[in-house]
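Take a look at the following structure, please.
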Amino acid sequence: MNIHLCKPWEHQLSRRQLLGTAAAAAGALGLGGLGGLVQPAVGEELKKKRKQVLFIWLDGGISQLESWDPKPGTQFGGPFRAIPTSVPGVHISELLPRMAKKMHQVAIVRSVCTKDNSHSAGVARIQRGDPKNRGVTYPYFGSAVAKLLGPGDSGLPPYVWVKPGSGGFIHQDAGFLGAKYGSLAFGDGRPPENLLRHESVSERDNLERNELRDLANKRFGQGRRKDANEANSYVYDVAMALMKRQDLFDEKKVPDKDWDRYGRTEFGRHLLIGRRMLEAGITFVKVNSYGWDTHGDNFNAHRSLVPKVDQGVAALLEDLIDRGLYESTLLIMMSEFGRTPRINGHVGRDHWPEAWSVMMAGCGLKPGAVIGKTNNLGTHVATEEHDIGHLFHTWFKALGIDAHSTQYDNNSQPLPIAHEGCHAIEELLA
Amino acid sequence: MNIASDKLRQLFEPKPLKVIETKRQMSIVRFSPCGKLLLAGGCDGLVHRWDVSGDKPVELPAVDGHGGWVCGLAFHPQDKSTVFTADSWGQARAWTYAAEKAQPKWKVENAHDGWVRDLAVSRDGKLVATCGMDRHACVWAAADGKKLHGFAHSEDLFSVAIHPDTKSVVAGDLKGNVLQWDLASGKQARTFDAKVLYKLDRLQDCGGVWRLLFDEKGATLAAAGCKPSSGATVQGIPTVLLFDWASGNQKTSLALGENIDAFTHDLAFHPADFLMAVTSGQPGRGKVVFWRPGEPKAFYESNKIENCHSIALHPDGRRLAVSGTSRGSNGNGRVLKNGQYVGNTSPIHLFQFAGG
């Protein structure tokens, strides 16, 4: 047996890759759980409430001025108008007409001020909550929630990612939590290739193969690091779970009117798939869109992009409410930073972490809340600044996790789950 | 005018005269038909004015009343006193421009629902055409602003032009369609295919027909934009397509730069039968290009002005104005100048052709 086989989570996910690894373990390790927490009792309490997260990531940086914090008629305001919303006195960009009517169901933080203005550092730093540097790699929010809330009873993985392009198992998201808390990415919202058992392999043969694989994995795991072996088993378990839930990927089961409501765009489709994953019980669903880094032609780009997001997210909100998921689902939409007030020669906006906005909803957040404000030109935060650490504290609290008393156990090293210099934004919590 | 190719550059190479510094960014510049004034539509909701009749441009009080960005600006060709302007908040208006205090003639507050992208005036001065992000092209009576036509399109509109015979209006959309509307019947007559000026990149619609312009005789229709290669920070080749008006066929495609040069922002035809264009791409990339249709390449190109957004030919045919962008216009994060966060400006470069 070649012990230098590639790790399956390093590959684009396919059944062949998942099941073909030589190191499958006999004992499935479960799909998550709360092991590794200093306060495991939190898990029992959370189980009763069953919170979930739908996290929308607009990669590259949506402009706050063309979305949640418009400054029409000012030096950096751009060409678009602001429109009134369902919350008296609150205006957002005219590019978000549907969300304007749902403003009373969402909350905006306009006082986000973060540290990084580069994508390479910013994406990870934001999604890891920018904790203090302790020489370890913190998990992304999705991995953190997967760890802290566990997988629930769905039998499905706790952290999935519906994304454009290719899929795979993104173990890097997990940081020190260990590879099995990485994200299972469905490229273009589709299941891993060749997921189903080939018709030439009988059920009986398949069972025998699995038993053999389990035995081999047990032997492979002896004397090796636990987390690597766990991850091998984990992806195998995931494949088995997905084989049973092919219906999740059957787009024919979705009524035509839903595709229309979400918008027949890549984002609309992915968001609708994300909703279905949420309904299936997955704890953390990330849906993302690429192409928001509008250094050039920013206004035409936002004119094209933002209404598509507006349509999809408004439809999603309706569904969360109609299906009784709004109260238990934390909906977040954000990027790694905002965009410069200054408009460059390419009629674009560059990266701006100094003052930007995040939209969120559900899960006990105060509907219609608008937290903080920027100055008249939108260049800086005029009220208390909120870093990503504040948002992590707030989100954890909304999910029922006290970020001050809950810690990770990283091989006996206790680590805070959110930046201890920050706190939850209390006025955002209903 | 039949000028030998090798003489074109000798006669029409632009020689710098002055640079007008602005406090804000401008989207469009145009000379008045009398040649005395230069007007600029600002990204501050103002129309800026300069008297350029003397040796030194003299700034006149700017005209307010618009909102957002003033993107449409065209003069009445005959009466020498009226200018038509339109803004990104949907307003179109007419006003007198020569007196120190400009006087309104008419205005339509909601000419479009949102961004009016372009405005054109007919050669006979009777019609004004506008188009916008509400996917409509509209025709107005120049005298009083009465709406005469409203043509519904399926996509956002970026550009509009009226044929010199005043029988047709053309409007160019996001996806590279140029629709011709017959003004007598109010019906669509033809579609010109400029789809190379569009690309869907992931979720983003990139490009569009950014400028439409007829030549003096109305025999050629120029459609300008970008042949996009990628979205987000849009990249592509600044392109001008020339259509034969009689047949509707594309005669040629002019590539004005490289992939990072992106958009052809503005056009003007010179009476000596060549096309003048300006481009703007990645910050710092801007070009002024002169190209006589039928020739294999441009006879003049300059990249000395950063991110050029508009070009205007003086009515004497011997001068021109190009609006560019202040140097070092881009940068991530906090960029402070003397402790202040400053915006960019659009210096307006005045030139005289070498041939005088």
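Tell me, rounded to the nearest percent, the portion of alpha carbon pairs in chain A spaced more than 32 Å apart. Before the final figure, lay out the partial values.
Numbers: 33602 of 92235 pairs.
When all Cα pairs of chain A are counted, 36 percent exceed 32 Å.
Going by alpha carbons, how many degrees (0 to 90, nearest 10) lie between the helix axis of A:266-279 and the longest principal axis of chain A?
For helix A:266-279, the angle is close to 60 degrees.
Further question on the same structure: Excluding residues on the same chain fewer than 8 positions from residue B:251, give the lysines whose Cα lies under 18 Å from its Cα.
Correct list for residue B:251: B:195, B:217, B:227, B:297.
Continuing with the same structure: Net charge around residue B:239, counting only other residues with Cβ within less than 13 Å of its Cβ (Lys, Arg = +1; Asp, Glu = -1)? List each step's numbers first, then the result.
On the way: positive: B:195, B:199, B:211, B:227, B:287; negative: B:258, B:261.
Around residue B:239, the charge tally is +3.
Counting only other chains, and only Cβ atoms inside 10 Å, what mean value do you get across the residues of B:223-232? Before the final figure, lay out each step's value.
Numbers: counts 0, 0, 0, 2, 0, 1, 0, 1, 10, 15.
Neighbouring Cβ atoms belonging to other protein chains average 3 per residue here.
Give me the net charge for the shell around residue B:54: Cβ to Cβ below 15 angstrom, other residues only, Lys and Arg +1, Asp and Glu -1. Don't skip to the end; give the middle numbers.
Values: positive: B:18, B:36, B:49, B:56, B:319; negative: B:51, B:55, B:59, B:316.
Local charge sum for residue B:54: +1.
Ok, one more. Report, to the nearest 10°, how far helix A:226-244 tilts away from the longest principal axis of the Cα atoms in chain A, using its own Cα long axis and a range of 0 to 90°.
80
Just how far, in whole angstrom, is segment A:98-129 from segment B:89-145 if you go by their alpha carbon centroids?
Each part reduced to its Cα centre gives a spacing of 39 Å.
Picking from A:125, A:225, A:213, which is most flexible by a Gaussian network model of chain A using Cα springs under 10 Å?
Greatest mean-square fluctuation among the candidates belongs to A:225.
So the label point goes 7 Å from the Cα of residue B:107 along Cα→C-beta, right? Which residues of segment A:59-89 then have their backbone N under 17 Å from it?
Only A:73-74, A:81 fall inside the zone, counting backbone N under 17 Å.
Taking every pair of alpha-carbon atoms in chain B, give the share separated by more than 30 Å as a whole percent.
Working: 20261 of 63190 pairs.
Within chain B, distances greater than 30 Å cover 32 percent of Cα pairs.
Report the residue, chosen from B:85, B:166, B:130, that carries the largest GNM mean-square fluctuation when chain B is represented by alpha-carbon nodes joined by springs under 10 Å.
Result for chain B, Cα springs under 10 Å: B:166 fluctuates most.
Mind pulling the per residue volume of the convex hull built on the Cα atoms of segment B:1-110? Å³ is fine.
Numbers: hull volume 14.7 nm³, N = 110.
Per-residue hull volume (Cα only) is 133 Å³.
Here's a follow-up. Which of these, A:55, A:337, A:80, has the largest mean-square fluctuation under a Gaussian network model of chain A (Cα springs below 10 Å)?
Result for chain A, Cα springs under 10 Å: A:80 fluctuates most.
OK, next. Can you report the principal axis dimensions of segment A:84-228 using only the alpha carbons, biggest first, rounded to whole angstrom?
Principal axes ranked by extent give 66, 42, 29 Å for the Cα atoms.
For segment B:7-17, take each phi angle, set θ = phi - 60°, evaluate the Karplus expression 6.51 cos²θ - 1.76 cosθ + 1.60, and give the result in whole Hz per residue in order, putting x for glycine and proline.
Once θ is set to phi - 60°, the couplings for segment B:7-17 become 9, 4, 5, 4, 7, 10, 5, x, 10, x, 10 Hz.
Specify the angular offset, from 0 to 90 degrees and rounded to the nearest 10, of the alpha carbon long axis of helix A:203-221 from the longest principal axis of the alpha carbons in chain A.
80
Show the residues, 5+ positions off or on another chain, whose built amide H is closer than 5 Å to the amide H of residue A:161.
Hits under the 5 Å cutoff: A:184, A:185, A:186, A:286.
Then there's this: Using only Cα atoms, figure out Rg for segment B:103-196 and give it as a multiple of 2.2 N^0.38 Å.
Working: Rg = 12.5 Å, N = 94, 2.2 N^0.38 = 12.4 Å.
Taking the Cα Rg and dividing by 2.2 N^0.38 Å, one obtains 1.01.
Sum up the charges of everything whose Cβ sits under 14 Å from the Cβ of residue B:123, counting Lys and Arg as +1 and Asp and Glu as -1, but leave residue B:123 out. Can you show the working numbers first?
Values: positive: B:126, B:167, B:217; negative: B:79, B:124, B:165, B:215, B:216.
Counting the neighbours of residue B:123, the net charge comes to -2.
What do the square roots of 5 times the Cα gyration tensor eigenvalues come to for segment A:226-278, in whole Å, largest first, as semi-axes of the equivalent ellipsoid?
Values: eigenvalues 191, 31, 8 Å².
Equivalent ellipsoid semi-axes, largest first: 31, 12, 6 Å.
How big is the gap, in Å, between the Cα center of segment B:228-248 and the Cα center of segment B:1-68?
So the separation of the two Cα centres works out to 26 Å.
While we're on this one: Using the scaling law 2.2 N^0.38 Å as the reference, what is the normalised Cα Rg of segment B:251-320?
Working: Rg = 11.8 Å, N = 70, 2.2 N^0.38 = 11.1 Å.
My calculation over the Cα atoms of segment B:251-320 gives 1.06.
Follow-up question, since we're still on this one. Could you give each residue of segment A:87-93 its phi-based ³J(HN,Hα) in whole Hz, using Karplus coefficients 6.51, -1.76, 1.60 with θ = phi - 60°, and x for Gly or Pro?
Coupling constants for segment A:87-93: 9, x, x, 9, 10, 10, 5 Hz.
Take the alpha carbon atoms of segment A:283-389, find their radius of gyration, then divide it by 2.2 N^0.38 Å using N residues; give the quotient. Present the calculation step by step, with values, prior to reporting the outcome.
On the way: Rg = 15.7 Å, N = 107, 2.2 N^0.38 = 13.0 Å.
Normalised by 2.2 N^0.38 Å, the Cα Rg of segment A:283-389 equals 1.20.
Output the relative contact order of chain B, whole-number percent, from Cα pairs under 8 angstrom with separation of 6+ residues.
On the way: 1059 pairs, mean separation 48.6, N = 356.
Reported as a whole number, the value is 14 percent.
Over 31 Å between C-alpha atoms is what I'm after, so list which of B:18/B:199; A:115/B:304; B:23/B:107; A:252/A:366; A:102/A:286 land there. Don't skip to the end; give the middle numbers.
Working: B:18/B:199 39 Å; A:115/B:304 36 Å; B:23/B:107 26 Å; A:252/A:366 36 Å; A:102/A:286 22 Å.
Listed pairs above 31 Å: B:18/B:199; A:115/B:304; A:252/A:366.
Please average, across the residues of A:72-78, the number of beta carbons from any other chain that are within 10 Å of each residue's own beta carbon, and give a whole number. Spell out each step's value before the answer.
Values: counts 5, 5, 2, 9, 4, 7, 4.
Neighbouring Cβ atoms belonging to other protein chains average 5 per residue here.
I've got another one for you. What's the center-to-center distance, using Cα atoms, between segment B:333-356 and segment A:140-188 in Å?
Measuring centre to centre over Cα atoms gives 48 Å.
Given Cα positions, please report Rg to Rh for segment B:6-64, the hydrodynamic radius being the Kirkwood one. Intermediate results must be reported in sequence, preceding the final value.
Working: Rg = 13.7 Å, Rh = 12.9 Å.
Answer for segment B:6-64: 1.06.
Evaluated at 4 °C with a viscosity of 1.567 mPa s, what Stokes-Einstein diffusion coefficient in µm²/s does the protein assembly as shown have when Rh comes from the Kirkwood expression over alpha-carbon pairs? Intermediate results must be reported in sequence, preceding the final value.
Working: Rh = 28.4 Å.
Diffusion coefficient, whole number: 46 µm²/s.
Moving on to the next point. Considering amide H positions built from the backbone, and no H for Pro or chain starts, which residues 5 or more places from residue A:340, or on another chain, come under 5 Å of its amide H?
A:350, A:351, A:352
Limiting things to C-alpha atoms, what are the Rg and the maximum Cα-Cα separation (Dmax) for segment A:128-185, in angstroms?
In Å, with Rg to one decimal and Dmax whole: 11.7, 35.
Skipping prolines and chain starts, which residues have an amide H placed within reach, meaning under 5 Å, of the one on residue B:266, given they are 5 or more residues away or on another chain?
B:278
We did not get these values from a lab; they are worked out from the coordinates using the rules stated. Everything numeric here is computed off the predicted structure, so don't read it as measured data. Cβ atoms come from the backbone with ideal geometry, glycine included; neighbour counts cover every protein chain shown.
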